[in-house]
Amino acid sequence: MILLLSQLVLLGSALGSTALLYRKSQGDGAATTLGVMSLGALALALSMLGRLLLSSSGPDQQTLRLMLENLAFYAGLPLFALAVAARGFRLDWSRATWGRWLLGCFALFELFRRFGTGEQYSQVLALLICLALLAGVIRGERGRSQLLALAGTLVAAVALLLFGPSTLLPAWRQETLHLLALALCLPLISLGISARRT
């Protein structure tokens, strides 16, 4: 029951963050970067939707659910973090460049999966996501915006490095806390980033 509640909370949080970032991107000079952040949050929402709706034990539904979860962790979160870093360093990449980053995320996932080093890749990726968020927030945000985004980054680090499936401390792995921490970090970072005037 608590796991279901945490999934619903993350779904709502991801959808809210997606809407906020998309709306902010409509009147922003770095619309593409905010759009990529919005898509990263949407990937998390789709993953939670998959968990909630694809609950039968059929192989097709299980495959689709796994694909949505992989999309969220191996593409959505990295692109979200990279967009925060790009915005912080005022890098205005084209949609084609973001498409190449997305293809790179897919290629790296497949490469490490085939080599059998998926767990180590997940741990390194979680660490890189946290570092990209931190660098982008410190470099690009100021005042209240920075405080909100830094709080979100700290919560994201707890979610990914302590409680998540790729935790560096397996004894601390806790899916419910992982989902709730992600649900908290998304709106904090999104509000912090969207509060900044470009």
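The values are calculated or read from the model by the stated rules, or taken from the named source; none is laboratory data. As the structure is a prediction and not an experimental result, all values here were calculated from the model. With ideal geometry, Cβ positions are generated from the backbone for all residues, glycine too; neighbour counts draw on all protein chains shown.
Structural remarks
- The number of residues in region 6-63 being of a type outside the set (Val, Ile, Thr), touching a residue at least 12 places away in the same chain (Cβ under 8 Å), farther than 27 Å from Leu177 by Cβ and surrounded by 15 or more Cβ atoms within 10 Å (Cβ to Cβ) comes to 7.
- Thr167 among the β-branched types (Val, Ile, Thr), within 25 Å of Ala45 (Cβ to Cβ) and not in a helix (DSSP H, G or I): yes
- Qualifying residue in region 65-74 (condition: farther than 21 Å from Ala31 by Cα, surrounded by fewer than 19 Cβ atoms within 10 Å (Cβ to Cβ) and in contact (Cβ under 8 Å) with a residue 24 or more places away in the chain): yes
- Against the list (1) at pLDDT 95 or above; (2) over 14 Å from Leu125 (Cβ atoms); (3) in contact with a helix residue (DSSP H, G or I) (Cβ under 7 Å, 6 or more places away or on another chain), the condition Ala81 fails is (2).
- Count of residues meeting criterion [in contact with a Leu (Cβ under 7 Å, 6 or more places away or on another chain) and in a loop (DSSP other than H, G, I, E, B)] in region 5-28: 1
- Residue list for region 127-145, restricted to those being part of a helix (DSSP H, G or I), modelled with pLDDT under 95 and surrounded by 18 or more Cβ atoms within 10 Å (Cβ to Cβ): Gly140, Ser145
- When Val124, Val84 are checked against the criterion of being among the β-branched types (Val, Ile, Thr), without any contact (Cβ under 8 Å) to a residue 60 or more places away in the chain and in a helix (DSSP H, G or I), Val124 stands alone in meeting it.
- Hey, Ala195 surrounded by 15 or more Cβ atoms within 10 Å (Cβ to Cβ) and farther than 16 Å from Phe80 by Cα or not: yes
Residues checked against (1) among the aliphatic types (A, V, I, L, M); (2) over 11 Å from the mean Cα position of the chain (by Cα):
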| position | (1), (2) |
| --- | --- |
| Ser13 | no, yes |
| Gly50 | no, yes |
| Met67 | yes, yes |
| Pro78 | no, no |
| Leu82 | yes, no |
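- Taken residue by residue, region 25-39 has at least one member that is among the acidic types (Asp, Glu) and closer than 13 Å to Ile193 by Cβ.
- Restricted to region 100-126, and to residues there that are among the aromatic types (Phe, Trp, Tyr) and over 18 Å from Leu66 (Cβ atoms), the residue that is surrounded by the fewest Cβ atoms within 10 Å (Cβ to Cβ) is Phe115.
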